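Here the structure comes first, spelled out in structure tokens, and everything after it is commentary.
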Amino acid sequence: PQKAFEAATEKFFEKPVGSGPFTVAAWNKGQGLSLKKNAHYWQAGKPDLDGAEILVIPEGNSRVLKLQAGEIDAALEIPLNQMQSLGRAGTVKTAVANVLRTDFVLLNTKKKPFDDVRVRQALNYAIDKEGLVKALLYGAGKVANSPMPLMAYADPELKPYAHDIAKAKALLKDAGYADGFKASLLVHSGRPLHRQLGQALQSALAQIGVIAEIRLVEGGTHWSTTKAGDYEMAVSYASSDTIDPDQMAGFLIVNPERANSYHTEWKNERVNELYEKERATNDGPERGAMFKEMVKLSHDGAPSIFLFYPGTSYAHRSNVEGFEVLQTSNFRLEDVKLK
């Protein structure tokens, strides 16, 4: 409510007032959030739970152990190599949600040699992305064909870059880098998957003469460094909390916009033109065709190394009903019940 916000200003967000199924009882930043049932919730009979505790448990193995011990009822981002064994006992149910997320390697197109599209395409051909999906995601994902997640108006006919070392070397030679080059690879130290990716990418790029020097940094530094343009390559990802592709397009492939093609500084005037048009066009085939063209242009322009669309693993105790991770990577609790 406006009155509550104006009275509390910034402190409003420490204990916000809303119309959802729960209210905030306490918020310990970096540790967890305590929720209690909203007695005035507009959907009669919901929620079934009297409250909920949302805990921050950074380490994947710790989440698994607490789930197995019954100390928590559900957990997100279960280590994929533990999913099968976790569900075997019968006390825990596991699942993988198809979410609107894509993982990639940002390429700073303001710096040589990444200003050359042939180099950026060569890097895409150099990576065995099917192999990454099998080895790192245990098959729980798909190879990416662009920076955009698989969402509304995605083109099923747009093929990912194939794994083709010969083509990658030919493109580098054509661009004047027959002997390869050295470049830094920024990696978020707090993301186990991205640490593994860094090692795998380093090995793969060496096959075409590209020496990737890994720079491990914490999350805040990773964001500020790429935003400032003080990087060459950076392992990253993007996920969408809306099902319409407009927001993601603006973030990932439009420049100038919120993030200038997500810190790659890649710019395509036709993409910018289509972006403005789709925002003034009703949903339907015409708008869909605009998005397909935008995504194809980003595929060809290769502002990043497109890796994969990973699923999000999660698990819950078998006495929990109605808990699921949505396409938008979040979850809702008003339909959750404990048997």
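Give region 47-62 a look and list any residue that's assigned to a loop (DSSP other than H, G, I, E, B) and in contact with a Leu (Cβ under 7 Å, 6 or more places away or on another chain), or say none.
Going residue by residue through region 47-62, those that are assigned to a loop (DSSP other than H, G, I, E, B) are 47-50, 56-59.
Within region 47-62, P47, L49 meet the criteria.
Would you check if Y237 is within 21 Å of T109 (Cβ to Cβ), of a type outside the set (D, E) and under 18 Å from the mean Cα position of the chain (by Cα)? Walk me through how you get there before you give the answer.
On the way: within 21 Å of T109 (Cβ to Cβ): yes; of a type outside the set (D, E): yes; under 18 Å from the mean Cα position of the chain (by Cα): yes.
Here the answer is yes, as Y237 does meet what is asked.
Considering only residues that are within 12 Å of W266 (Cβ to Cβ) and under 17 Å from the mean Cα position of the chain (by Cα), look in region 293-313 and name the one that is surrounded by the fewest Cβ atoms within 10 Å (Cβ to Cβ).
For region 293-313, the residue satisfying everything is P303.
Give just the number: which of (1) free of Cβ contacts under 8 Å to residues at least 24 places away in the same chain; (2) of a type in the set (D, E); (3) in contact with a helix residue (DSSP H, G or I) (Cβ under 8 Å, 6 or more places away or on another chain) does D103 not satisfy?
(1)
Exactly one condition in (1) out of contact with any Leu (no Cβ under 8 Å at 6 or more places or on another chain); (2) modelled with pLDDT of 95 or more; (3) not in a strand (DSSP E or B) is not met by G190; state its number.
With (1) out of contact with any Leu (no Cβ under 8 Å at 6 or more places or on another chain); (2) modelled with pLDDT of 95 or more; (3) not in a strand (DSSP E or B) applied to G190, the lone miss is (2).
Return only the number of the condition from (1) crowded, with 19+ Cβ neighbours inside 10 Å; (2) outside the structural domain of H316 (by TED's automatic domain parsing) that Y41 does not satisfy.
In the conditions (1) crowded, with 19+ Cβ neighbours inside 10 Å; (2) outside the structural domain of H316 (by TED's automatic domain parsing), Y41 misses (1) alone.
Would you mind finding the one in E276, E269, E257, E324 that is surrounded by fewer than 19 Cβ atoms within 10 Å (Cβ to Cβ), over 18 Å from D155 (Cα atoms), charged (D, E, K, R) and touching a residue at least 24 places away in the same chain (Cβ under 8 Å)? Spell out how you get there, then give the answer.
On the way: E276 fails: touching a residue at least 24 places away in the same chain (Cβ under 8 Å); E269 fails: touching a residue at least 24 places away in the same chain (Cβ under 8 Å); E257 fails: touching a residue at least 24 places away in the same chain (Cβ under 8 Å).
Criteria check complete, one pass: E324.
Quickly run through region 111-140 and pick out the residues that are surrounded by fewer than 16 Cβ atoms within 10 Å (Cβ to Cβ) and in contact with a helix residue (DSSP H, G or I) (Cβ under 9 Å, 6 or more places away or on another chain).
Restricting attention to region 111-140, the residues satisfying the condition of being surrounded by fewer than 16 Cβ atoms within 10 Å (Cβ to Cβ) are 111-112, 115, 130-131, 134-135, 139.
Answer for region 111-140, where residues must be surrounded by fewer than 16 Cβ atoms within 10 Å (Cβ to Cβ) and in contact with a helix residue (DSSP H, G or I) (Cβ under 9 Å, 6 or more places away or on another chain): K112, G131, A135, G139.
Just to be sure before I move on: is T328 part of a loop (DSSP other than H, G, I, E, B) and more than 30 Å from Q43 (Cβ to Cβ) in the structure I sent?
So T328 fails the test.
Criterion first (surrounded by fewer than 15 Cβ atoms within 10 Å (Cβ to Cβ), within 19 Å of T109 (Cα to Cα) and touching a Leu at 6+ places or on another chain (Cβ under 8 Å)) does E232 satisfy it? Show your work before the answer.
Values: surrounded by fewer than 15 Cβ atoms within 10 Å (Cβ to Cβ): no; within 19 Å of T109 (Cα to Cα): yes; touching a Leu at 6+ places or on another chain (Cβ under 8 Å): yes.
Considered against the rule, which asks whether it is surrounded by fewer than 15 Cβ atoms within 10 Å (Cβ to Cβ), within 19 Å of T109 (Cα to Cα) and touching a Leu at 6+ places or on another chain (Cβ under 8 Å), E232 comes out as no.
For region 21-61, give me the residue count where each residue is in contact (Cβ under 8 Å) with a residue 60 or more places away in the chain and closer than 17 Å to L333 by Cα.
Taking region 21-61 and keeping what is in contact (Cβ under 8 Å) with a residue 60 or more places away in the chain, we get 21-22, 35, 41, 43, 46-49, 52, 58, 60.
Subsequent filtering for residues that are closer than 17 Å to L333 by Cα retains 21-22, 35, 41, 43, 46-49, 52.
Count: 10.
Restricting to region 118-144, what's the tally of residues that are free of Cβ contacts under 8 Å to residues at least 60 places away in the same chain and in contact with a strand residue (DSSP E or B) (Cβ under 8 Å, 6 or more places away or on another chain)?
Result for region 118-144: 1.
Which of the following residues is assigned by TED's automatic domain parsing to the domain that holds R120, in a loop (DSSP other than H, G, I, E, B) and not charged (D, E, K, R): G250, G288, G229?
On inspection, the qualifying residue turns out to be G229.
Taking the criterion of being touching a strand residue (DSSP E or B) at 6+ places or on another chain (Cβ under 8 Å) and of a type in the set (K, R), would at least one residue in region 175-187 satisfy it? Outline the logic, then answer.
Within region 175-187, the subset touching a strand residue (DSSP E or B) at 6+ places or on another chain (Cβ under 8 Å) is 180-187.
Of the ones still in play, those that are also of a type in the set (K, R) are 182.
Taking every residue of region 175-187 in turn, at least one turns out to be touching a strand residue (DSSP E or B) at 6+ places or on another chain (Cβ under 8 Å) and of a type in the set (K, R).
Has region 7-24 got any residue that is under 30 Å from L132 (Cα atoms) and either out of contact with any Cys (no Cβ under 9 Å at 6 or more places or on another chain) or surrounded by 11 or more Cβ atoms within 10 Å (Cβ to Cβ) (or both)? Explain how you work it out, then say what you get.
Residues of region 7-24 that are under 30 Å from L132 (Cα atoms), as a first pass: none.
Within region 7-24 (the criterion being under 30 Å from L132 (Cα atoms) and either out of contact with any Cys (no Cβ under 9 Å at 6 or more places or on another chain) or surrounded by 11 or more Cβ atoms within 10 Å (Cβ to Cβ) (or both)), the answer is no, since none of the residues qualifies.
Please specify each residue of region 191-219 satisfying the condition of being within 22 Å of the chain's Cα centre (by Cα), exposed (fewer than 15 other Cβ atoms within 10 Å of the Cβ) and small (G, A, S).
G219
Is it the case that S240 is buried (at least 16 other Cβ atoms within 10 Å of the Cβ) and not basic (K, R)? Spell out the reasoning first.
Numbers: buried (at least 16 other Cβ atoms within 10 Å of the Cβ): yes; not basic (K, R): yes.
Judged against the criteria, S240 is a match.
Testing T264 on (1) part of a loop (DSSP other than H, G, I, E, B); (2) of a type in the set (S, T, Y); (3) over 19 Å from the mean Cα position of the chain (by Cα), one condition comes back false. Which one is that?
Failing condition for T264: (3).
The values are calculated or read from the model by the stated rules, or taken from the named source; none is laboratory data. Everything numeric here is computed off the predicted structure, so don't read it as measured data. Note: ideal-geometry Cβ built from the backbone for every residue, glycine included; neighbour counts use all protein chains shown.
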